[in-house]
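Q: This is the structure I have questions about; it appears just below.
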Amino acid sequence: KNSKTYLFSNDRFYRFSALRKMDPFYPRIMKRWSGVPKNLNGAISFSKSGPTVFFKDDEYIVYDNKKVRPMDGYPKKISNLFEYCNYDL
């Protein structure tokens, strides 16, 4: 959304600029992301206007950045991401 890189660790997050420097006033506490668990395994955002996907253990959360909350129906099991794939093995 803002072309920044975020690093999550325990209950804190860090934000870095394109110059690989931590932005002022960081780290911050995770409460900014309501509904996102601590100790994340990973996160990805595919576009500036789209949602962010957070991964924790065997679940994922699609997060609505505009409403600043998880989308309805999440978290879901990561294994459900592949249930509609057809593999010709």
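Q: Around LEU40, what is the net charge, scoring Lys/Arg as +1 and Asp/Glu as -1 over all other residues with Cβ under 12 Å from its Cβ?
A: Numbers: positive: ARG12, LYS38, LYS56; negative: ASP11, ASP57, GLU59.
Residues near LEU40 contribute 0 overall.
Q: Here's a follow-up. Whats the longest run of the chain with zero chymotrypsin sites (Phe, Trp or Tyr not before Pro) that are DSSP loop and have at most 16 other Cβ atoms within 10 Å? List each step's numbers first, then the result.
A: On the way: sites that count: PHE25, PHE46, TYR84, TYR87.
The segment 47-83 is the longest one with no such site.
Q: Over the chain, give the accessible area per residue in Å² for a 1.4 Å probe, as an integer.
A: 77 Å²
Q: Amide H to amide H, which residues 5 or more places from LEU40 or on other chains are under 5 Å from it, using H placed in the peptide plane?
A: ASN10
Q: Same structure again: I'd like the trypsin sites (Lys or Arg not before Pro) in the range 9-89 restricted to DSSP loop residues with at most 10 other Cβ atoms within 10 Å, sorted by number. List each step's numbers first, then the result.
A: Working: sites: ARG12, ARG15, ARG20, LYS21, ARG28, LYS31, ARG32, LYS38, LYS48, LYS56, LYS66, LYS67, LYS76, LYS77; in loops: ARG20, LYS21, LYS38, LYS48, LYS66, LYS67.
Those that pass, being in a loop and sparsely packed, are ARG20, LYS21, LYS48, LYS66, LYS67.
Q: How much of the accessible area of the chain, probe 1.4 Å, is carbon plus sulfur, in whole percent?
A: Here carbon and sulfur together make up 53 percent of the probe-accessible area.
Q: Go through the range 29-42 residue by residue and turn each phi into a ³J(HN,Hα) via Karplus (6.51, -1.76, 1.60, θ = phi - 60°); whole Hz please, and just put x for glycine and proline.
A: Working through the residues one at a time gives 7, 5, 4, 4, 9, 4, x, 9, x, 6, 6, 5, 8, x Hz.
The values are calculated or read from the model by the stated rules, or taken from the named source; none is laboratory data. Every value quoted in this text rests on a predicted model; they were computed, and no experiment measured them. Backbone-built Cβ (ideal geometry, glycine too); neighbour counts: all protein chains shown. Keep in mind that these areas ignore ligands, DNA and RNA; they rest on the heavy atoms of the full protein, side chains included. Shrake-Rupley method; radii C 1.70, N 1.55, O 1.52, S 1.80 Å.
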